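Have a look at the structure below, then the notes.
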Amino acid sequence: MTDWLIELPTWQLTRIFAIAAYLLLFGGMAMGMLYGYPFMKGKRKATLYKAHMQLTNSGTLLALLHMAVLVIDTYTPFKWTELLIPFMAHEHPLLYGLGTLSLYGMLLLLLTSDFRHKFSRRIWLTIHLLSYPIFIMALAHGFFSGTDTELPLIKGMYVATLVITLLLASGRMLVKKPARRAAA
């Protein structure tokens, strides 16, 4: 009955899910940073928020699928314990552990966003700022353990997403600083 699972191109699927999840999460993070820019207002801000949530939710779902397919993969099978307990993988435990921690971090961000009204703004924002180290862990996981990173296009994707993220984060800090000084 489960023979059809074994016949799936699991290695290709897990790679596709991983890259798609990473790109969706990058897009969600970029939309979230743009959402915080002070010149984003009205419908544009609402559209950015909706895109931020859709991309982040979709990326997290694909990251879960990426992990689940690794269990049925016949090329490099993983046990559930290796995937669910950080740093327990049979090979590259540090890199795969970063992937596990990234997934847990994404789930934490989604859950706390769903219950945002239950937290003070300061607590929610502190938790939400974990998205930056989570992104770096996901990037390191993909870049250093992804078998497709040897391809120039994939390597370029990781470099480009890192540069864009750094530029958006820097721009956001620069744009907010004058507003803080004016308020003081």
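Scanning segment 126-138 for residues that are open to solvent by 50 Å² or more (accessible area, probe 1.4 Å) and within 14 Å of Leu23 (Cα to Cα) returns a single hit, Ile136. When Gly28 is tested against (1) surrounded by 15 or more Cβ atoms within 10 Å (Cβ to Cβ); (2) at pLDDT below 95; (3) part of a helix (DSSP H, G or I), exactly one condition is not met: (2).
Residues in segment 71-92 that are hydrophobic (A, V, I, L, M, F, W, C), open to solvent by 70 Å² or more (accessible area, probe 1.4 Å) and under 14 Å from His141 (Cβ atoms): Phe87 only.
Across segment 139-169, the qualifying residues are those that are among the polar types (S, T, N, Q) and either under 21 Å from Met67 (Cα atoms) or more than 15 Å from the chain's Cα centre (by Cα) (or both), and the one among them that is surrounded by the most Cβ atoms within 10 Å (Cβ to Cβ) is Ser145. Scanning segment 98-125 for residues that are more than 17 Å from Leu64 (Cβ to Cβ) and either modelled with pLDDT of 95 or more or surrounded by 12 or more Cβ atoms within 10 Å (Cβ to Cβ) (or both) turns up Thr112, Arg116, Phe119, Ile123, Trp124. Need the failing condition index for Met40 against (1) assigned to a helix (DSSP H, G or I); (2) open to solvent by less than 60 Å² (accessible area, probe 1.4 Å); (3) free of Cβ contacts under 8 Å to residues at least 12 places away in the same chain, just the number. For Met40, the failing item is (1).
The values are calculated or read from the model by the stated rules, or taken from the named source; none is laboratory data. Please read all numbers here as calculations on a predicted model, not as lab measurements. Every residue, glycine as well, gets a Cβ built from its backbone with ideal geometry; the counts of neighbours run over all protein chains shown. The accessibility values were calculated without ligands, DNA or RNA, using every heavy atom of the protein model including side chains. Shrake-Rupley method; radii C 1.70, N 1.55, O 1.52, S 1.80 Å.
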